[in-house]
Amino acid sequence: MHFSIPSTQEFVSDGSGSSYTGFNIHINGSFHCCLRYKQLHSLHEQLKRSLPSIALPSFPPKKLLSLTPNQIEQRRLSLERYIQLVGQDPVLCRSELLRAFLLNAQQESSFTECSEVTLDVYLMNGYRISANVYTTDCTSKVLQKACVLIDLPKDRACYFALYLMRKEANGELTIVKRLMDFEAPYISAKRWDECKLVLRTGYWDPCYDVELMRDRIALNLLYIQALSDVERGWIVTSRDLNEQLTNMQARGSKSEYLDVVRKLPLYGCLQFPRANVDFPEPNTVATVVLGNKELNLLTYVGKEMQETKFKVTRIRCWRVTPIHVNEEQSSTVNGRLQQSSQPSPSQSSTISLELSFEYLMAKNQLKWITIYSEQSMLMSVCLQSIVDELLNQKNGSDPAHLQNPQHVEYAPLSYIRRDGSNHCITDSCSTDTLCNLVNNDNSSNNGTSNQATPQQHSANNGSSYIRRKLKEFNTTVRFKNGKDSVQNEAFEWIGDDDL
């Protein structure tokens with residue numbers, strides 16, 4: 001997980017006028033939640049107790065007196081470094097405790113009350129699945145409910161994932177993000193209201209198709225996805241092959257159709273909008289494609305497509321970095337550039353992103369290659385997903401192992417809200433425990449009362465202010481720094497036998 005804390009906000013906590021600092025946490029490039037210092041400290045203490053064998057990074061110390069602006073900035077940097085180190089630990093990232101905490105934090109920050117709603121999930125051909133879900137259901141819960149409605153067996157659902165996709169003005173589809181289990185699809189979809197929830201395969205190695213094709217429903221899903229990818233040009237075919245595929249489609253020969261397209265180079269890959277790259281030379285315009293254990297750059301010389309392949313196992317590390325571009329230079333950077341949060345007073349500036357990876361070109365010869373794209377963060381997430389799958393295969397596990405959280409016995413999570421109240425959460429997938437998070441609990445141990453106390457009224461007034469402030473945040477990527485690289489655990493050096 002890619003964590004950043006790019007900014008802070010001062011919030012009024014109650015009618016007395018006292019205030020506190022909220023730290024705006026972004027995960028994988030988009031705003032996720034706003035948390036107080038004490039909430040993150042509570043998470044740290046619970047992780048320390050629940051996972052004693054894990055060496056946690058040190059947590060920024062408490063201060064007795066009110067912080068100055070410089071001290072708040074130092075705390076922001078320290079908390080950002082702490083949460084980034086947590087996000088780099090594979091055990092912590094897969095712990096149910098961390099997932100439950102982040103899911104609840106998203107719910108609290110979005111002021112989403114738990115209620116039953118109808119959420120639309122689409123297949124790649126536009127077929128709509130209308131699922132009855134709770135607004136606080138996590139991604140795996142929504143995925144399961146959608147799969148039940150199309151009769152996909154539960155043991156096959158783990159091979160699929162939910163994505164947010166946007167249809168551009170030219171009719172092309174852009175994959176905005178892949179939803180993770182620490183977020184609620186209903187909440188995330190509301191933040192990206194121009195996008196649709198789409199169901200696609202969640203793995204990268206086509207070998208898993210063989211298992212899925214034994215099931216009729218899973219076979220249909222693979223067939224629908226393949227048809228769409230061929231139609232959109234995500235899978236490149238020749239004219240003769242395209243005629244054969246059209247005939248197979250007319251005959252309804254789904255298995256035969258898949259057997260043919262599965263052998264094509266770009267099958268099962270995700271395609272990203274064209275971007276500027278510095279390989280093989282600066283300012284090269286290329287389409288970036290990820291999948292099949294490779295990162296591919298597709299360039300065109302006239303009408304002829306040229307493909308440059310980079311094996312994921314030869315990428316030693318990679319990083320995502322923000323770049324500040326002057327307005328007159330912005331035309332050289334491909335993609336829509338977001339406005340900088342702190343533009344230079346003398347000139348207009350914009351922020352874009354670059355994905356840089358260090359590639360083993362030959363024995364003992366490493367070279368940095370850079371892609372300039374607003375999709376850099378999603379590319380990084382996909383690269384990490386491919387690496388996870390490679391390591392998972394090396395360990396002899398199936399994709400279900402990657403989807404399920406790390407099951408470790410620990411005490412129930414106590415989630416501290418910003419107002420200081422405690423809520424016991426036993427499972428991030430449990431709707432019942434989440435329903436109490438944003439609804440005011442007026443019940444006592446001995447009975448119930450519908451009358452709110454003066455303290456609750458003042459808390460509600462403070463919450464209204466916080467709600468207005470949080471609405472100012474959009475879902476674009478924001479960073480203060482980004483030079484730390486992600487190390488590839490699946491990296492393989494080239495030996496003499498490979499030359």
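Looking across 151, 229, 155, one residue alone is in contact (Cβ under 8 Å) with a residue 60 or more places away in the chain, within 26 Å of residue 390 (Cβ to Cβ), surrounded by fewer than 19 Cβ atoms within 10 Å (Cβ to Cβ) and out of contact with any strand residue (DSSP E or B) (no Cβ under 6 Å at 6 or more places or on another chain). It is 155. Scanning the range 238-272 for residues that are of a type outside the set (A, V, I, L, M), surrounded by 17 or more Cβ atoms within 10 Å (Cβ to Cβ) and not in a helix (DSSP H, G or I) gives 262, 267, 268, 269, 271, 272. Looking only at residues in the range 209-226 that are touching a residue at least 60 places away in the same chain (Cβ under 8 Å) and crowded, with 19+ Cβ neighbours inside 10 Å, the one that is farthest from the chain's Cα centre (by Cα) is 218. When we screen 92, 85, 97, 67 for residues that are aliphatic (A, V, I, L, M), over 28 Å from residue 225 (Cβ atoms), open to solvent by 30 Å² or more (accessible area, probe 1.4 Å) and touching a residue at least 40 places away in the same chain (Cβ under 8 Å), the only hit is 67.
Note on the range 128-143: among residues that are in contact (Cβ under 8 Å) with a residue 60 or more places away in the chain and charged (D, E, K, R), the one that is nearest to residue 110 (Cα to Cα) is 137. With the structure loaded, tell me whether residue 306 is under 25 Å from residue 146 (Cβ atoms), open to solvent by 20 Å² or more (accessible area, probe 1.4 Å) and part of a strand (DSSP E or B) or whether it fails that test. Against the criterion (under 25 Å from residue 146 (Cβ atoms), open to solvent by 20 Å² or more (accessible area, probe 1.4 Å) and part of a strand (DSSP E or B)), residue 306 does not qualify.
Among the residues that make up the range 191-206, is at least one of them open to solvent by 40 Å² or more (accessible area, probe 1.4 Å), farther than 17 Å from residue 125 by Cβ and touching a helix residue (DSSP H, G or I) at 6+ places or on another chain (Cβ under 9 Å)? Scanning the range 191-206, I find at least one residue that is open to solvent by 40 Å² or more (accessible area, probe 1.4 Å), farther than 17 Å from residue 125 by Cβ and touching a helix residue (DSSP H, G or I) at 6+ places or on another chain (Cβ under 9 Å), so the answer is yes. When each of 116, 172, 183 is tested for being acidic (Asp, Glu) and without any contact (Cβ under 8 Å) to a residue 40 or more places away in the chain, the lone residue that passes is 116. Whether a residue is under 22 Å from residue 29 (Cα atoms), out of contact with any Phe, Trp or Tyr (no Cβ under 8 Å at 6 or more places or on another chain) and assigned by the TED database to the domain that holds residue 9 was assessed, and residue 99 does not pass this test.
I'd like to know if the range 121-137 contains one or more residues that are of a type in the set (D, E, K, R), open to solvent by less than 20 Å² (accessible area, probe 1.4 Å), more than 20 Å from residue 44 (Cα to Cα) and not assigned by the TED database to the domain that holds residue 52. Within the range 121-137 (the criterion being of a type in the set (D, E, K, R), open to solvent by less than 20 Å² (accessible area, probe 1.4 Å), more than 20 Å from residue 44 (Cα to Cα) and not assigned by the TED database to the domain that holds residue 52), the answer is yes, since at least one residue qualifies. For residue 164, the criteria (1) within 15 Å of the chain's Cα centre (by Cα); (2) part of a loop (DSSP other than H, G, I, E, B) hold in every case but one, which is (2).
Assessment of the range 173-193 against the conditions (closer than 20 Å to residue 390 by Cα and part of a helix (DSSP H, G or I)) yields no matching residue. For residue 48, the criteria (1) open to solvent by 50 Å² or more (accessible area, probe 1.4 Å); (2) in contact (Cβ under 8 Å) with a residue 40 or more places away in the chain hold in every case but one, which is (2).
The values are calculated or read from the model by the stated rules, or taken from the named source; none is laboratory data. Quick caveat, the model's predicted, so the values are computed rather than measured. Cβ coordinates were reconstructed from backbone atoms using ideal geometry, including for glycine residues, and neighbour counts include every protein chain displayed. Surface areas here come from the heavy atoms of the whole protein model, side chains and all, with no ligands, DNA or RNA. Shrake-Rupley method; radii C 1.70, N 1.55, O 1.52, S 1.80 Å.
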